[in-house]
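The values are calculated or read from the model by the stated rules, or taken from the named source; none is laboratory data. Because the structure is predicted, anything quoted here is derived from the model rather than measured. Neighbour counts run over all protein chains shown; Cβ positions are idealised from the backbone, glycine included.
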Amino acid sequence: MGNQTNFERIEKTARTRQIILKTVTYLLLGIWAVMVLFPFYWMILTSVKSYSVYNSEYIPSFFTLSPTLQNYADAFTAVPLACYFLNTLVFTLVTTAVMLAVITLAAFAFSRLEFRGKNLVFTLFLALMMIPTELVIITNYATITSWGLRNSFPGLILPSVTSVFYIYLLRENFAQIPDELYYAAKVDGTSDLKYLLRVMIPICRPTLITVTILKVIECWNSYVWPRLITDDASYFLVSNGIQEIRENGFGRENIPAMMAAVVVISVPLIVLFLIFRRKVMEGVSRGGTKG
């Protein structure tokens, strides 16, 4: 009887500790969520305030009783925001498509094909990740300028069509596929390209989806390179178009209109991530799993 009482006491204590631990965990997660989401809330709140209401607030208000969508209409009329969207869409789709082809073929070569010096070449390839980004930008700028590709889509796209990290990530996924499948396919007379398209790519689809989404986000948010290589507004992307909006559109004082433009630019990425968030997590977890 005494042993049963002690067991119940221990079980009750463990249950209490578990409840306290979960409570503290969810409390900390809730605080962190508020810290992360508050800037987005403030951005949206500011975007629906009129210019006069925003300037009349000596103490910032956390809500508004007279929301307006006029700022969103101004975002498309004060500057050619629709043109910036179209440029960004072309840049993102073409860059992502070309990059996927390049990294898939490179990852397949490093993971499955045998050629002299493969490990050395791959090691040197990974060493490129140690080169500072600023140095690469300078080299790319000198190259693109010498080719006469400034203020052009090829000049925007070419420096972004490959990624050492994505090749490494995809190569690790390809390496997890058993060699027996490859040997069996070769016995059946399957070419390397057909094996890649029909076996390896379908198996590694979650990682490819993850890479695609991450590359889309990277292209959409690209700022330094487009700002450096283009000074013609006809080739501005939404990221560096924001600076044009501030300087020649709404002006530096019209913060609500600026926030409306930022909301419009941010929504596609937020929606994309919310739709494919499970695929992103699945692809990242697969990339870090061996065997």
Which numbered condition Ile167 misses (of (1) more than 21 Å from Thr230 (Cα to Cα); (2) of a type in the set (A, V, I, L, M, F, W, C); (3) surrounded by fewer than 20 Cβ atoms within 10 Å (Cβ to Cβ)): (3)
Among (1) farther than 30 Å from Glu57 by Cβ; (2) crowded, with 16+ Cβ neighbours inside 10 Å, the one test that Asn254 misses: (1)
Selection from segment 230-248 of residues that are modelled with pLDDT of 85 or more and either touching a strand residue (DSSP E or B) at 6+ places or on another chain (Cβ under 7 Å) or not in a loop (DSSP other than H, G, I, E, B) (or both): Ser234, Tyr235, Val238
Test: residue in segment 53-65 that is within 28 Å of Ala233 (Cβ to Cβ), touching a residue at least 12 places away in the same chain (Cβ under 8 Å) and β-branched (Val, Ile, Thr): no
Failed condition for Arg227, given (1) modelled with pLDDT under 85; (2) within 30 Å of Ala78 (Cβ to Cβ); (3) among the basic types (Lys, Arg): (1)
Some residue of segment 166-188 being in the same structural domain as Leu228 (by TED's automatic domain parsing) and within 15 Å of Cys219 (Cβ to Cβ): yes
Out of Lys194, Lys215, sole residue that is touching a residue at least 40 places away in the same chain (Cβ under 8 Å), assigned by TED's automatic domain parsing to the domain that holds Thr92 and of a type in the set (D, E, K, R): Lys215
Within segment 90-137, considering residues that are free of Cβ contacts under 8 Å to residues at least 24 places away in the same chain and of a type in the set (S, T, N, Q), the one farthest from Asp192 (Cα to Cα): Thr133
Helices (runs of 4 or more DSSP H) lying entirely in segment 1-104 (those with 2 or more residues that are within 27 Å of the chain's Cα centre (by Cα) and at pLDDT 90 or above): 2-47
